[in-house]
Amino acid sequence: MFVCRFGLVFGQNDIHHWETAVKADDSWAYFVGNEEPLENWYLSDFDDSDWPQAQGGIGFGDNDDATTIDLCEAVYIRLTFEIFDTTTIKAAVIHADYDDAFVAYWNGHEIARENIGYRGTRPAFDDETDYFREARLYRNVLPENFLLNQQELQQSLQIGTNTLAIQVHNDG
């Protein structure tokens, strides 16, 4: 099984409310990883116009995926979104439902990783996961949350167009 669903929300003005910037069912550009994508696939200036576009979650078609793909080692997904005022954003949270591992990049900066490799080293398309991990939402369990603090946001956040790029790996 393979599934990836990611959402991104921002905490505003001393976090008295949250706003969703990326929804799990948004339209994502994706690359089926039976080989390496181009080296700069995770950078914001990468041209993904020749990648297919599809609604998230993306997976192998086990009744919890909006988009079904062929079996593969990894899938690479990208989405752009706009931010008009960075001064009011105090934190961000990635809600991640995935099977089995992922690395997330925001404007080329690694912001979250789970169950594969070491921070700062991009995994190869065929790198193995550390262990088997099942997605949660289809079992009525909340997804994992990855909090980005203000320092991480300052390194990656920009006014205008931002890119969230995620590499998701299957455990065999």
- Query: Build a GNM of the chain with springs between Cα atoms under 10 Å: which of 96, 74, 66 gets the top mean-square fluctuation?
  - Reply: 66
- Message: Explain nothing, just the number: dipole magnitude of the range 13-100 about its Cα centre with +1 on each Lys and Arg Cβ and -1 on each Asp and Glu Cβ, in debye rounded to the nearest 20.
- Response: 380 debye
- Roughly how big is the chain's charge dipole about its Cα centre, with Cβ charges of +1 (Lys, Arg) and -1 (Asp, Glu), in debye to the nearest 20? 640 debye
- Item | Gyration tensor verdict on the range 22-66 (Cα atoms; rounded if a/c is under 1.5, prolate if a/b is larger than b/c, oblate otherwise) | oblate
- Listed residues 77, 159, 94, most fluctuating in the chain (Gaussian network, C-alpha, under 10 Å): 159
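Based on alpha-carbon positions alone, could you give the equivalent ellipsoid semi-axes of the chain from the gyration tensor, as √(5λ), descending, whole Å?
Values: eigenvalues 121, 63, 47 Å².
Whole-Å semi-axes of the equivalent ellipsoid: 25, 18, 15.
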- Query: In the P(r) worked out for the range 109-150, what percent of Cα pairs fall beyond 16 Å?
  - Reply: 53 percent
- Message: Positive end of the dipole of the chain, charges at C-beta (+1 Lys, Arg; -1 Asp, Glu), about the Cα centre: which of 123, 141, 168 has its Cα farthest in that direction?
- Response: 141
- For residue 39, placing the label point 7 angstrom along Cα-to-beta-carbon and taking the range 111-142, residues whose amide nitrogen sits under 19 Å are 120-127
- Message: For the range 92-127, which chymotrypsin sites (Phe, Trp or Tyr not before Pro) pass both filters: DSSP loop (anything but H, G, I, E, B) and at most 12 other C-beta atoms within 10 Å?
- Response: 118
- Query: Ignoring any ligand, DNA or RNA, what whole percent of the accessible area of the chain comes from carbon and sulfur when the probe is 1.4 angstrom?
  - Reply: 46 percent
- Can you work out the accessible area per residue across the range 47-89, with the rest of the protein chains kept in place, probe 1.4 Å, in square angstrom? 51 Å²
- Enter the accessible area per residue of the range 95-158 (Å², integer; probe 1.4 Å; all protein chains in place). 54 Å²
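The values are calculated or read from the model by the stated rules, or taken from the named source; none is laboratory data. This is a predicted model, so every value here is computed, not measured. Methodologically, a virtual Cβ is constructed for each residue, glycine included, from the backbone with ideal geometry; neighbour enumeration extends over all protein chains shown. Note: accessible area is taken over every heavy atom of the protein model, side chains too, but ligands, DNA and RNA are not part of it. Shrake-Rupley method; radii C 1.70, N 1.55, O 1.52, S 1.80 Å.
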